[in-house]
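*Asks:* Pasting a structure here, questions to come.
The values are calculated or read from the model by the stated rules, or taken from the named source; none is laboratory data. These numbers were taken from a predicted model, which means no experiment stands behind them. Backbone-built Cβ (ideal geometry, glycine too); neighbour counts: all protein chains shown.
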Amino acid sequence: MSQFRFKRSFFSFLALLFIFTLLIPSFLFPGNSATIKGRVLDLYGQPIAGALVEIKELNLKVRSDEQGIFVLENLAPGKYKIIFSHPHFMPGLLTLDIKAGEGRWVEFGLKAKTPKLLTLREEVTVVAKADSVIDVSLPSHRTIIPQTVLSELGTANLAESVERSPGVAMVGKGGYSMVPSIRGVAEHRVLLLIDGARIVSERRIGASASFISLNNIDRIEINRGPYSVYYGSGAIGGIINVITKNPPDVQTWNGTLLAGYNTSRKEKTASFSLSGNLGGVGLLLAANGKKADDYSSPNGLVEQSRYSDWDFLIKLKQQTKNSEWFLTLLDYWGKDIGKPSPSAHLKPRWYPKERNTIINFGYTRKNILSLDQLSVGFYLFPSELETKKENLRNDLSVAKRALAKVEGTSFGFKIRAGKNVLDHHQLSFGLDYFGRRGLRDSQQTWKFDSAGQIISFTETTSLEKGSRDNLGFYIDDKIQFNSHFSLNLGARVDLIQTSNFIAGGQKTSRQDESFSAYLGSTIQITPRLSFLANIGRSFRFPTISELFYTGLTGRGTVFGNPDLQPEKSLNMEAGLRYLHPDFFISVYGFHNRIMDMIQKYPGEGEDYFYRNLAEGLISGIEGELAFWGIKDIELLLTFHHLVGREKETNAPLNYIPPDRLVGGVRYTPGRFWIEPRITWSAAKDDPGPLEIEINGFTLVDLVFGWKLNSHCNLIIIGQNLTDTVYRFSADEKGVDAPGRGAVVRFSYSF
């Protein structure tokens, strides 16, 4: 009996041991299965949310979360082909041999479809947004330049970054403080927005875009056409809308360190950013700085082309299911920003100091007060600019020195609402106010004898407590008749008052008003072919400086004209866009008629005056061609052709750019890419009153990028490889652009 019990116990023990042995893998690797966890990243090491991760053999599909993380569970041992895909990225394939019970972590990088091409597709499938913070729409030509493209341009500021877009050119003598024009109009006719805040300046050429660091920008939207219905004065040519980077919406922290060097400008750049989320509130901190010396063109040194500046950005943002708010503080300092000119050797001009501060707040709420969306915003923008000029003798001693200071504060608020009505109407309306206060200038002039002693000193003021109040109301309706046809129509009324104190404490003021409207439509002719057209009436009130300022500028002495009349324009545009699975092509034609066009014209010496032209006419055509049908190869071509004349005299207008064709071919076989770029520009043989004839040119640039690992990126840009002599613009006091050089930028993300 005992022997039987022993055998039974022994066999029971063996049975339990056998069962336990079978269960061990179940505890450690349930079901003897394997698990694959990982993260989907772009080639810059940033997570990709919403990427589809699938194993087709098993019909198993998951999507990556906000951190790019995915999990594939309960996989039997074997060899699998995992497919990664996302609408904005090229698909990827990963083959893994999985063992029983194995837990595998992988990081897989997807190559983005060139952002330029993605934005071309967006232009076809979505309505153009003139303000991404508060959504407004108009069927017109739009170009988006995202941060991924900005980082590969090797440019120093915003104006240089948008300059090769169709219909866009740079205006000014050269150097760091040039401004962009759109479709041949500049000088306060192109509105610059930063997160919806209107940026203005008393510079005669218009608001400089150089003070916003490219490292702080998420994307730039170039909206062409008449946008006065949404923004009032100053949007005759269009809007350049800058959207700064946003902090993350989820609990994560990341940062970036960037360093760069430009050989032609001897420019040194450094940038640091840190972003994260604390208790549901996103936080972004960023600091940027750069310093450059006078650059050299193929013809020699270009004096007064140096610059240095730094800035600091803080941004808070919170987003919930039905609401969103943000708060931005940007503080910028510029120092010794040169104004190059052919006479800079004996008559140097520069900006010793530039200061800009933006405080911007916005709040959006969905489904409130029977509205689908209600948005409010407020911004404050104090600014200060110093301009210095010296007249030197042949021995470089100072004969005369002048210093002009202009300071003032801009501010504004806006309330905008939207409501869908009867399933076919998207009704929006808004009230906005723009104000400018405390505008003051002071001009000091010293004269010196040959021994350097002061022999005379004068001080004058032409702007004293200058102010402006602009109140506007607009209403807009988008009617979606069917899936093929939509119609936009809107109208706006503006009331404006401008004042200034003149000599003796006497106040002078004027009141103006304006009505603007537009009508636009989009017709989807076929699923791939669409037609758009719009007609709009826009306007521009003379600036405070154009009316009242007399004194020193970076160009010379300018005399204001208090009798200037507001400009009015009638803009017409039509375009065709075709989207194929392998390519995209678009062509746009436009005609802009500007009545009472304000034009600066030269007097004797370096004196300049303002007057109203009877009428200016600008017509043109622009377009884009993109092709991505060959693996790892993408092609982009853009072009424009413009003509601008004064109606009565047929005299050429200022700022009409010559014909231009820009092309690039990008080859991306893996973690590196190479992209040659060619820019061809025709000669400028019909200069305006402030311009001269310039020769045509062909530029060749080459971009090389390499993603060393998930944290480190290297970009090398060869600029003007043929060392071609050319000018940024046809300005009569313009200078040659930089010669051959290289830009090297290294970034580390964590």
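*Asks:* What are the residues in the stretch 351-370 that are touching a residue at least 60 places away in the same chain (Cβ under 8 Å) and under 26 Å from Val406 (Cβ atoms), if any?
*Replies:* Tyr351, Glu354, Asn356, Ile358, Asn360
*Asks:* Now for a separate question. Tell me the residue from Asn488, Asn534, Asn500, Asn482 that is farther than 19 Å from His424 by Cα, out of contact with any helix residue (DSSP H, G or I) (no Cβ under 8 Å at 6 or more places or on another chain) and either surrounded by 13 or more Cβ atoms within 10 Å (Cβ to Cβ) or at pLDDT below 90 (or both), please.
*Replies:* Asn534
*Asks:* Right, another one. Evaluate the stretch 133-140: report whether one residue or more is surrounded by fewer than 19 Cβ atoms within 10 Å (Cβ to Cβ), among the hydroxyl-bearing types (Ser, Thr, Tyr) and at pLDDT 55 or above.
*Replies:* No, there is no match, as no residue in the stretch 133-140 is surrounded by fewer than 19 Cβ atoms within 10 Å (Cβ to Cβ), among the hydroxyl-bearing types (Ser, Thr, Tyr) and at pLDDT 55 or above.
*Asks:* Would you call Phe548 under 24 Å from Phe434 (Cβ atoms), among the hydrophobic types (A, V, I, L, M, F, W, C), surrounded by 21 or more Cβ atoms within 10 Å (Cβ to Cβ) and touching a strand residue (DSSP E or B) at 6+ places or on another chain (Cβ under 7 Å)?
*Replies:* So Phe548 fits the description; yes.
*Asks:* Assess whether Ile19 counts as being outside the structural domain of Glu152 (by TED's automatic domain parsing) and at pLDDT 85 or above. Talk me through it step by step, then tell me what you get.
*Replies:* Working: outside the structural domain of Glu152 (by TED's automatic domain parsing): yes; at pLDDT 85 or above: no.
It is false that Ile19 is outside the structural domain of Glu152 (by TED's automatic domain parsing) and at pLDDT 85 or above.
*Asks:* Same structure again: Which of the residues spanning the stretch 710-731 are under 14 Å from Pro298 (Cβ atoms), outside any strand (DSSP E or B) and either of a type outside the set (A, V, I, L, M, F, W, C) or free of Cβ contacts under 8 Å to residues at least 40 places away in the same chain (or both)?
*Replies:* Here is the first cut: in the stretch 710-731, the ones under 14 Å from Pro298 (Cβ atoms) are 719-727.
Filter once more, so that each one left must be outside any strand (DSSP E or B): 720-726.
Once the filter is applied, which keeps residues that are under 14 Å from Pro298 (Cβ atoms), outside any strand (DSSP E or B) and either of a type outside the set (A, V, I, L, M, F, W, C) or free of Cβ contacts under 8 Å to residues at least 40 places away in the same chain (or both), the stretch 710-731 yields Asn720, Leu721, Thr722, Asp723, Thr724, Tyr726.
*Asks:* Moving to a separate point now. Filtering the stretch 351-392 down to residues that are crowded, with 19+ Cβ neighbours inside 10 Å and among the hydroxyl-bearing types (Ser, Thr, Tyr), which residue is farthest from the chain's Cα centre (by Cα)?
*Replies:* Looking at residues that are crowded, with 19+ Cβ neighbours inside 10 Å and among the hydroxyl-bearing types (Ser, Thr, Tyr), I get Thr387.
*Asks:* Condition (residue is closer than 19 Å to Asp42 by Cβ, modelled with pLDDT under 95 and part of a strand (DSSP E or B)) applied to the stretch 680-691: is it met by at least one residue?
*Replies:* Scanning the stretch 680-691 turns up no residue that is closer than 19 Å to Asp42 by Cβ, modelled with pLDDT under 95 and part of a strand (DSSP E or B).
*Asks:* Right, another one. Under 6 Å by Cβ, and 6 or more places apart or on different chains, what pairs join a residue from the stretch 38-60 that is outside the structural domain of Met90 (by TED's automatic domain parsing) and of a type in the set (S, T, N, Q) with one that is modelled with pLDDT of 80 or more and crowded, with 17+ Cβ neighbours inside 10 Å?
*Replies:* none
*Asks:* Please find, among Arg745, Arg727, the residue that is charged (D, E, K, R) and modelled with pLDDT under 95. Steps first, answer last, please.
*Replies:* Values: Arg745 fails: modelled with pLDDT under 95.
Matching residue, one of Arg745, Arg727: Arg727.
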